[in-house]
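Following: one structure in structure tokens, then a few remarks.
The values are calculated or read from the model by the stated rules, or taken from the named source; none is laboratory data. Here the structure is a predicted model, which means the values were calculated and not measured. Cβ placement follows ideal geometry from the backbone for every residue including glycine, while neighbour counts extend to all protein chains displayed.
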Amino acid sequence: MAKSAFVHLHNHSEYSLLDGACRIPDMIEWAYENSAPAVALTDHGNMFGAWEFYTKAKDKGVNPIIGCEAYVAPGSRHERGKNQGSPYHLTLLAEDATGYKNLMKLGSIAYLEGFYSRPRIDMEILREHREGIIALTGCIQGYVPALLASDQREGAVKNFQMLQDIMGKDNLYVEVQNHGIPEEARAYPVMVELAKEHNLPLVGTNDCHYLNSTDHTMHDVLLCIQMKRAVKEEDRMRFLNQFYFKNNDEMHKALAEFPPEAITNTIEIANRCQLKLDYGEHIMPKYEVPEGYTADSYLSKLCYDALKKKYGDLSTEMRERLEYELDIIQKTGYAGYLLIVWDYVNFARERGFPLNARGSAGGSLALFALSVTTFEPMKYDCMFERFLNLDRISMPDIDIDFGDEHRKIVIDYLTEKYGAECVGQVATFSTFGAKAAVADVGRALDVPVQDVRRVTQLVPTIPGVTLDESLEDVPQLREVAEAPENSEMMDIAKSIEGMKRHVSIHACGVVLSNGPLTDYVPLFKDKNDRIATQFDLKMLEDVGMVKFDFLGLRTLSEVYDCLARIKTNHSVELSLEEIPFDDEKTYGLISHGLVGGLFQLETSPGMRRVIMQIKPDNFEDFIPIPALYRPGPLDSGMMDSFIRRKLKVEKVQYLHPTLEDALKNTYGVCIYQEQVMQIARDMANFTLGEADVLRDAMGKKKMDVLKMQREKFIEGAVANNIKAEDAEKVFTYLEPFGRYAFNRSHTVAYAILSYQTAYLKTHYPREFMASMMTGESADSDKIRKYIAECSELSAYLETPIQVLPPDISSSSKDFTVVGDDIRFGLSAVKNVSDIALEAIVKAREQEGSFKSLQDFCERVDTKVVNKRAIESLIMAGAFDALDGHRAQQLESLEQIMKVAQSTQQDREKGQMGLFGAAEEMPMTQVELADAPEWSHADILRNEKEQLGFYLSGHPLEQYDDIMKYYTTVTSQTLGEPASGTEVYAAGQLVSVRLTKTKKGDPMAILVVEDLEGTTDVVVFPEAYKQSRDAIEEDAVVWIRGNVGENRRRNGSGDDEIEEDTHQILAEEILPIDAVVERLTSAVEVTISESDATDQQKLDTLRDICLRAKGDRDLILRLLTPKYGEVIAQCSARHNIAYPSQTVSEIEALFGSDSVKPSNRTTRVGEKTSSMSYVG
């Protein structure tokens, strides 16, 4: 095939976020298939995709021309304001490595110095960094063509000359285009004239935003998603259908009106741009070691000294392990990397910051010696080779969690040590997932919301699942997608699925370099002024940048706070490392399911159920819980098998005797990646480095590698006198487990932190819960759960733990321990800012407790503590200890604030008496308004509005009997019955969302709250039709329905858990007050053994029953010493009403728990009693 006579030099990839729609591999494939020797990348204002583009083009044999369509400020990049005008466009191409470096500098400066709506450079900085760059005058939004299009030739010529002066005649090309836009027809002929006048070359381009002409509609939808507009709207930006990769003939035709050099100069530029980048060596600062040491020898000294300090003389096993690790570290050249990590960890530890190293680093004894990790790896069977080995290609990871507030301090330390220009965070790109693609496209196409939701609800909630996979696996989705009204939405959604949507900053990645970062990578700045690389982690690894992981973990902040409280309240300076791992009380609390606030264990009701089933009583059985409660182990039955075997319900078995050593601690179940590695070593003679390669191939489904590994595994096993068919079976058994298995070192690290939080909760429950509630004060749902947890904790530990309501004279910003109680923190009250809280506390510290609402208003700065904040505090009950009730206080507030503000103004003026001496002016006392007191329901409603939950009671408390006798599940036990089981529940409707089916039938999605949490309830049309009168927000209702399942994700990254959550598919919903009348068929009276022999009481019961009038059967349960429980149903003449005076009389006779309604419901976990009926 002949070489193309045209090269595309002006192209936008998906990294021109929500504007460009070309995927980089597709661009390169297009160039290759069309015999183009080169292709350029010129994304809008950024170089996000430059490295991916360079490496993939080189791999394909296409010359990559890295560029950028820069935004240039009309004046200085430092100027901001509405009168600045929009930045204009300028196409810049890197001719060589110097140009690439300058392009990175310009791209970084645009964000760091020039950002105003868009990243902008200016002429001044372009002059400074012009070397090695070829400039094209730009599209119709370039300054010269834009001015010409609006008939401003003089301004255009002036700018043209400035560009020529900066770039020089050899490095400036006059860019011409033809997309059929009227402005182009006015501007570009004049551009040709200017090129001739100034003896500058022309170059023709097409402003490519999508790959093929057929992608125009998809690109238009992408623009609408960006602008939050609908396709059908007329008054919006839109592109014509000419902005695609045109072939050679199409470009000759498009540029036919221009001189031929417009075509041939694209080849000239492509020949000039021969960029060669040579990266790969690790780029990081050199750690300065003391004189006389190398990095390796200094690391060795630190490790041996530290271990001797911990243990004294080292055992042979420990010495050999350390020597082995240090040898691998030396051969791989990572001593400097470990020293840098040790240095900033040491900085944190010296300041008492709690931290937690997780991931594979836990397998290193060297890192344990350096106190980077907190547990001895041999003790927990953690492998160094999972962290580092000679067969590993990529850098090892040392992931360290810091408290939220400490993470920034440690990064600031690095910035000061190595220089701000050498430290940066890392970009991460979000993409269109399957569900998001459908939702966004549906919105742009103005598809009815219920139709979009019907599709998205059918897409499985599985990480990384695609629409094609979903269509293949879910027949119902396929049927809906093929409907004519959905076909366009689905086609476009599939075409944008996986495209980059948004750039943000990685949660933990930080890079350090041995010089300015902009020598190696471009930078950007986010809306919070955080500086990060424009390349993501994978690109940085290819470049050679070394990533250090700093994750902010709120739990550590809360633990840090808890330890400080323990020191203050108990004079105990407790260290996490001192906590024993054999504490029976702690395991008892965990096994009892009191997991609120426990790291990794409070994620869901499902996790709580698993813990209560496993009932761990030692640390080895505790470790696997987070690893087991994950999609793979849950779906494969691994978790159930582990539980059954632990409880000795199922026999522990091994597929082959060789597996026993690796799997004995986990009851024959393969849970950890390290177990896969050990089996490969024991059975097939793999080195642990080779076994890590196998583990990686299994985890990432590298089928080509797995094929070779399978053969190697079987050969190794046969050499060990194991039958080939047995080895084949074991490999086949391990393959899926390799995907599900979890890193043991990571699991141990997190299990340690989970256990430590459990220990603190067990032995210092008040301090622990106060710290948890303080840390989560912005999350009202968690605060509500923690308050309920305090009540359960109090009962379990048999010690008083009460959460006292907010009090303006006693509460601090944080939740505080007061004797046996916890005082509510004011930070959890809505509309009260941190500044307001500081002002309140300051006023209280200066002059003591507040005496009245007026005293409060006169002493705090009411400009800071405004009316809205005080109203919220009143409704939350913070002023209850002062005069008046809440209604009076709220009604009087406006008048009190007026007087208080007047008093404050007089104080500020320093009002003087007649002879110049300052006088204390008499204060006007405002009497509280004579307002009626709020009802209990109003008090609760206002509390929920200000706190997000009910504090001094709950609307459901008056329905205790109904909740007890007429429901079978709560929000916490809903997951116990099998899917499809009929259940009965009750609660308050806290959210009502009305929607429609595809056919237009009304239905509802509800959130129902009971005393233990919330439950999702789906009400389909038939049930909605019958129950619509009962469905109203805040209504208390009874629900009959079936258990349904839904997939939901908890956590993120490596710790993301996707689990089946449970909902109720409602069949019937009734107002709670209608339940007794509807469901009560009989009244049961239980008569104790002593009462059953008390003839006087039995006679009285008979008399009561004979007088009774009602329509409920009376059933007697008599507990007798001779016959046990005797059940008798009385004749119809003894029928009674329920509830009634008769019931009260019987309760007075036999006790308040003796009478209960009999109905057809049975609570989860409760056995049904057999009953004999007698006349």
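Note on the range 1123-1149: residues that are surrounded by fewer than 18 Cβ atoms within 10 Å (Cβ to Cβ) and of a type in the set (F, W, Y) total 1. A search for C-beta distances below 7 Å between a residue of the range 1114-1139 that is free of Cβ contacts under 8 Å to residues at least 40 places away in the same chain and any residue that is crowded, with 16+ Cβ neighbours inside 10 Å and in a helix (DSSP H, G or I), counting only pairs 6+ apart in sequence or on different chains, returns L1114/C1105; L1114/H1134; L1118/A1092; L1119/A1092; T1120/A1092; C1130/C1105; H1134/C1105.
Within this structure, Y324 passes the test of being touching a residue at least 60 places away in the same chain (Cβ under 8 Å), more than 30 Å from the chain's Cα centre (by Cα) and surrounded by fewer than 17 Cβ atoms within 10 Å (Cβ to Cβ). Criterion first (touching a residue at least 40 places away in the same chain (Cβ under 8 Å), buried (at least 23 other Cβ atoms within 10 Å of the Cβ) and more than 22 Å from G362 (Cβ to Cβ)) does L594 satisfy it? Here the answer is yes, as L594 does meet what is asked. Without any contact (Cβ under 8 Å) to a residue 24 or more places away in the chain and not aromatic (F, W, Y): does that describe K867? For K867, the condition - without any contact (Cβ under 8 Å) to a residue 24 or more places away in the chain and not aromatic (F, W, Y) - is not met. Within the range 615-630, residues that are in the same structural domain as Q673 (by TED's automatic domain parsing) and without any contact (Cβ under 8 Å) to a residue 40 or more places away in the chain reach partners that are crowded, with 19+ Cβ neighbours inside 10 Å and among the hydroxyl-bearing types (S, T, Y) with beta carbons closer than 8 Å, at six or more positions or on different chains, in the pairs P616/Y587; D617/Y587; N618/Y587. Filtering N178, N171 for residues that are farther than 17 Å from L90 by Cβ and assigned by TED's automatic domain parsing to the domain that holds I65 leaves a single hit, N178.
Look at K105 and say whether it is closer than 20 Å to Q274 by Cα, without any contact (Cβ under 8 Å) to a residue 40 or more places away in the chain and part of a helix (DSSP H, G or I). For K105, the condition - closer than 20 Å to Q274 by Cα, without any contact (Cβ under 8 Å) to a residue 40 or more places away in the chain and part of a helix (DSSP H, G or I) - is not met.
Each row is one residue, and each column tells you yes or no for (1) under 19 Å from I267 (Cα atoms); (2) touching a helix residue (DSSP H, G or I) at 6+ places or on another chain (Cβ under 6 Å); (3) crowded, with 20+ Cβ neighbours inside 10 Å.
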residue	(1), (2), (3)
G142	no, no, yes
P145	no, yes, yes
R153	no, no, no
D165	no, no, no
H179	no, no, no
E197	no, no, no
C208	yes, no, yes
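Regarding the range 381-398, can at least one residue be identified that is in contact with a strand residue (DSSP E or B) (Cβ under 8 Å, 6 or more places away or on another chain), modelled with pLDDT of 90 or more and under 30 Å from A348 (Cα atoms)? Looking through the range 381-398, at least one residue is in contact with a strand residue (DSSP E or B) (Cβ under 8 Å, 6 or more places away or on another chain), modelled with pLDDT of 90 or more and under 30 Å from A348 (Cα atoms).
Of the helices (runs of 4 or more DSSP H) contained entirely in the range 435-529, those carrying at least 2 residues that are polar (S, T, N, Q) and under 25 Å from the mean Cα position of the chain (by Cα) fall at 449-458. Checked across the range 389-403, the condition of being of a type in the set (K, R), under 30 Å from F368 (Cβ atoms) and touching a helix residue (DSSP H, G or I) at 6+ places or on another chain (Cβ under 8 Å) holds for at least one residue.
If you filter the range 492-541 down to residues that are hydroxyl-bearing (S, T, Y) and touching a strand residue (DSSP E or B) at 6+ places or on another chain (Cβ under 9 Å), you find that the one that is surrounded by the most Cβ atoms within 10 Å (Cβ to Cβ) is T533. Only strands (runs of 3 or more DSSP E) whose full extent lies in the range 722-828 are considered here, and the ones with at least 2 residues that are at pLDDT 95 or above and more than 27 Å from the chain's Cα centre (by Cα) are 816-818, 821-823. Of all residues in the range 848-884, those satisfying the criterion of being in a helix (DSSP H, G or I) and under 37 Å from the mean Cα position of the chain (by Cα) are K867, R868, A869, I870, E871, S872, L873, I874, M875. Among the conditions (1) touching a Lys or Arg at 6+ places or on another chain (Cβ under 8 Å); (2) farther than 21 Å from D215 by Cβ, the only one that M499 does not satisfy is (2). Would a scan of the range 172-180 turn up a residue that is in contact with a strand residue (DSSP E or B) (Cβ under 6 Å, 6 or more places away or on another chain) and of a type in the set (D, E)? Yes, because at least one residue in the range 172-180 is in contact with a strand residue (DSSP E or B) (Cβ under 6 Å, 6 or more places away or on another chain) and of a type in the set (D, E). Name the residues in the range 637-664 that are in contact with an Asp or Glu (Cβ under 6 Å, 6 or more places away or on another chain), surrounded by fewer than 18 Cβ atoms within 10 Å (Cβ to Cβ) and of a type outside the set (D, E, K, R), would you? Correct list: Y654, H656. Does D170 count as more than 30 Å from V510 (Cβ to Cβ) and either assigned to a loop (DSSP other than H, G, I, E, B) or at pLDDT below 90 (or both)? No; evaluated as a whole, the condition is false for this residue.
Here T1100 fulfils each of the conditions (1) modelled with pLDDT of 85 or more; (2) of a type in the set (V, I, T); (3) in the same structural domain as K996 (by TED's automatic domain parsing) apart from (3). Filtering the range 24-68 down to residues that are in contact with a Ser or Thr (Cβ under 8 Å, 6 or more places away or on another chain), buried (at least 23 other Cβ atoms within 10 Å of the Cβ) and more than 30 Å from Y116 (Cα to Cα), which residue is modelled with the highest pLDDT? The residue in question is M27. Consider the range 1059-1071 and keep the residues that are at pLDDT 90 or above and touching a helix residue (DSSP H, G or I) at 6+ places or on another chain (Cβ under 8 Å). The one that is farthest from A986 (Cα to Cα) is E1067.
What are the residue pairs meeting all of these: first residue in the range 233-249, first residue farther than 28 Å from I28 by Cβ, second residue at pLDDT 85 or above and assigned to a loop (DSSP other than H, G, I, E, B), Cβ atoms under 6 Å, and 6 or more apart or on different chains? Note: pairs meeting the criteria are R236/R229.
Within this structure, I225 passes the test of being closer than 27 Å to E52 by Cβ and in contact with a Leu (Cβ under 8 Å, 6 or more places away or on another chain). Among residues of the range 386-417 being assigned to a helix (DSSP H, G or I) and touching a Ser or Thr at 6+ places or on another chain (Cβ under 8 Å), the one that is surrounded by the most Cβ atoms within 10 Å (Cβ to Cβ) is R386. When the range 216-257 is filtered for residues that are aromatic (F, W, Y), out of contact with any Asp or Glu (no Cβ under 6 Å at 6 or more places or on another chain) and at pLDDT 90 or above, the ones remaining, listed by number, are Y244, F245. Selection of first residues in the range 41-62 that are assigned to a loop (DSSP other than H, G, I, E, B) and of second residues that are of a type in the set (K, R), restricted to Cβ pairs under 7 Å at least 6 apart or on distinct chains, gives the following pairs, ordered by first then second residue: G45/R118.
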